[in-house]
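Dropping a structure here in structure tokens format, bear with me for questions.
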Amino acid sequence: MKLSGVKGMNDVLPAEVGRWQEMEALAREVFALYGYREIRTPVVEPAALFARGVGEATDIVNKEMYVFEDKGDDRLALRPEGTAGTVRAFIEHGAYVDGPQKWFYLGAMFRRERPQRGRYRQFHQIGCEAFGVAEPLLDAEQIALLADYLGRLGVRTTLKLNSVGDGECRPAYLADLRSYLDGHRAALCADCRDRIDRNPLRVLDCKVASCQPVLEAAPRLLDRLCAGCRDHLAAVRAGLDALGVEHRLEPRLVRGLDYYVRTAFEFTSDALGAQAAVAGGGRYDRLVETLGGPPTPGIGFALGAERLALILEAMGRPVPPRGPAVFFVLADPAGATEALRLAGALRRAGVACDLDARAGKLKTQFRQAERAGARFALVLGAAEVASGEGKLKDLATRAETPVRLDELAARLGGPG
RNA sequence: GUGGGUAUAGCUCAACUGGUAGAGCACUGGACUGUGGAUCCGGGGGUUAAGGGUUCGAACCCCUUUACUCACCCCA
């Protein structure tokens, strides 16, 4: 029986892992610049957390979540998204007493869907959550953070912004929309007819040509926003303008999670195929309360790491190299012993080095040095041991320069 | 969950309308007993995804299963 990985769950091999390390390191760096601090929560949570937080009726909870029994006790779930667990931790540890909090996380999420380009059963999200501030200034700042992060990676995206209303204006709008769509049921496609009850906002998103006339004339949420939501949206846009963040108002942008209110946004890329969203998020002012905490506004986003990696790859952005500074080529037993000793000294000095312990043909060792991504190679044999001197070979230029072995650490430790 | 496409060496692919399974790259040995990317010669590697059927004969045709992949749905 041949073993293979679980469908939709992928390995990141050493050759590509540099890209992931780059994305993660930059996230930590940039998020810290905006005052966000890292939080780590379990991959497993009570299933009820997601049912209550994300929404019982959403596809994510309803059909995509991995749920299992833990020895008969609780019903547990592999987290399908990061916000609910973060909010749970926020409440459980009473973090709300310390005023506004800005947190971020990196981690694996799980959804049991049919895999396709940019969509996997285990995938990784990089997300930010900010608690305790209802002001639109925060929305603008957080969206700018995300734009900043993507911009530093050279990724070109489109930012789509919308308001999905709040408890004051959305229910009335939804009722109107539902009855409007119901009245035009016959003119809509089968998918849309299903969606009328389940998620009427989604109908507006339909791409089927025959549905378009009905949708064009449908009531628009943007026209029905209450004064609070309208002002909020205007302020967010003004904030983005002030920060020089380009965005597009997208009245049909919908989020798939129940907890979103007011601000909803999405960064999309055309390098991704059908799954165009690199990152998405929005405000969730009632979520903390829903999950049992004190009323606390919040806003957050999640970015799909696999999708970002796909974009970087499509851009032809090279994977940052990670090779040793020097690779020792062992010419004979005396050289091998010396190499081991020298390697120890260099490593104590913080200089990365490597060698091929098989000590085979020089040709093979040089090939190994190149494959390891080493900057220099240094042949070590009885002659070098005797003279205390060797030739440091730059593998890129193939130029050799004499070097005293006891000065190697100083030579390689410095810049260049 | 629903469709479409694909499946031959580690990778990329050949194999004439069914006739003994090959090449390039990679790996490895040698030409070169202390200098890699070039050249030349040699070597290891395959139940042709799996199972069944048709046939004198199947990588090729038929059926089933599985995996991968793209799209729908949905979302990061």
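Hey, could you grab the Kirkwood Rh for segment A:326-408? Inverse mean 1/r over distinct alpha carbon pairs, Å, one decimal.
It is 12.4 Å.
Which helices of chain A meet both criteria: a Cα extent of 27 Å or more along the helical axis and a mean Kyte-Doolittle score no lower than -0.5, with helices taken as whole DSSP H segments? If you can, show how the numbers build up before the last one.
Numbers: long enough: A:14-33 (29 Å, -0.08).
What comes out of the filter, once short or polar helices are dropped, is A:14-33.
Looking only at Cα atoms, what is the convex hull volume of chain A per residue, in Å³? Before the final figure, lay out each step's value.
Working: hull volume 87.8 nm³, N = 416.
Each residue corresponds to 211 Å³ of Cα convex hull volume.
Residue-wise, which Karplus ³J(HN,Hα) couplings in Hz belong to segment A:115-127, taking 6.51 cos²θ - 1.76 cosθ + 1.60, θ = phi - 60°, and x for glycine or proline?
x, 7, 3, x, 9, 9, 7, 10, 9, 10, 10, 10, x
Right, here's the next one. For segment A:1-45, which chymotrypsin sites (Phe, Trp or Tyr not before Pro) are in a loop by DSSP, counting at most 10 other Cβ atoms within 10 Å?
Answer in residue order: no site qualifies.
Please list 3J(HN,Hα) in residue order for segment A:57-68, calculated via the Karplus relation 6.51 cos²θ - 1.76 cosθ + 1.60 where θ = phi - 60°; whole Hz, with x for glycine and proline.
8, 6, 4, 4, 7, 5, 10, 10, 7, 7, 10, 8
Another question, if that's okay. Compute the semi-axes of the equivalent ellipsoid of segment A:14-106, taking the square root of 5 times each eigenvalue of the Cα gyration tensor, and list them largest first in whole Å.
Semi-axes from the Cα gyration tensor: 27, 20, 12 Å.
Residue A:15 versus residue A:340, label points 7 Å from Cα toward the beta carbon: distance in nm?
Reported label-point gap for residue A:15 and residue A:340 is 3.2 nm.
Determine the distance separating the Cα centre of segment A:169-217 from the Cα centre of segment A:41-120; give it in Å without decimals.
29
Oh, and also: Quick one: which of A:4-17, A:361-374 comes out on top by average Cβ neighbours within 10 Å, and what's the full order, highest first?
Descending mean neighbour count gives A:361-374, A:4-17.
Just to confirm a number: summing +1 for Lys and Arg and -1 for Asp and Glu over residues other than residue A:384 whose beta-carbon lies under 14 angstrom from that of residue A:384, what do you get?
Counting the neighbours of residue A:384, the net charge comes to -2.
Could you report segment A:3-109's accessible area per residue, 1.4 Å probe, as an integer in Å²?
Ligands and nucleic acids excluded, the result is 54 Å² per residue.
Beyond a 31 Å Cα-Cα separation, which of these cross-linked pairs lie in this structure: A:102/A:207; A:63/A:160; A:102/A:160; A:7/A:102; A:7/A:361?
Over 31 Å Cα-Cα: A:102/A:207; A:7/A:102; A:7/A:361.
If you don't mind, another one. Looking at segment A:269-354, which trypsin sites (Lys or Arg not before Pro) are in a loop (DSSP not H, G, I, E or B) and have at most 16 other Cβ atoms within 10 Å?
A:322
With θ taken as phi - 60° and the coefficients 6.51, -1.76 and 1.60, list the Karplus ³J(HN,Hα) couplings across segment A:277-292 in order, rounded to whole Hz; mark glycine and proline as x.
Listing the rounded values in order: 7, 8, 8, x, x, x, 8, 9, 5, 9, 5, 4, 5, 4, 8, x Hz.
The values are calculated or read from the model by the stated rules, or taken from the named source; none is laboratory data. The model shown is predicted, which means the values in this text are computed figures rather than measured ones. Every residue, glycine among them, receives a Cβ derived from its backbone with ideal geometry; neighbour counts consider all protein chains shown. Quick note on the areas: whole protein, heavy atoms, side chains included, nothing else; ligands and nucleic acids left out. Shrake-Rupley method; radii C 1.70, N 1.55, O 1.52, S 1.80 Å.
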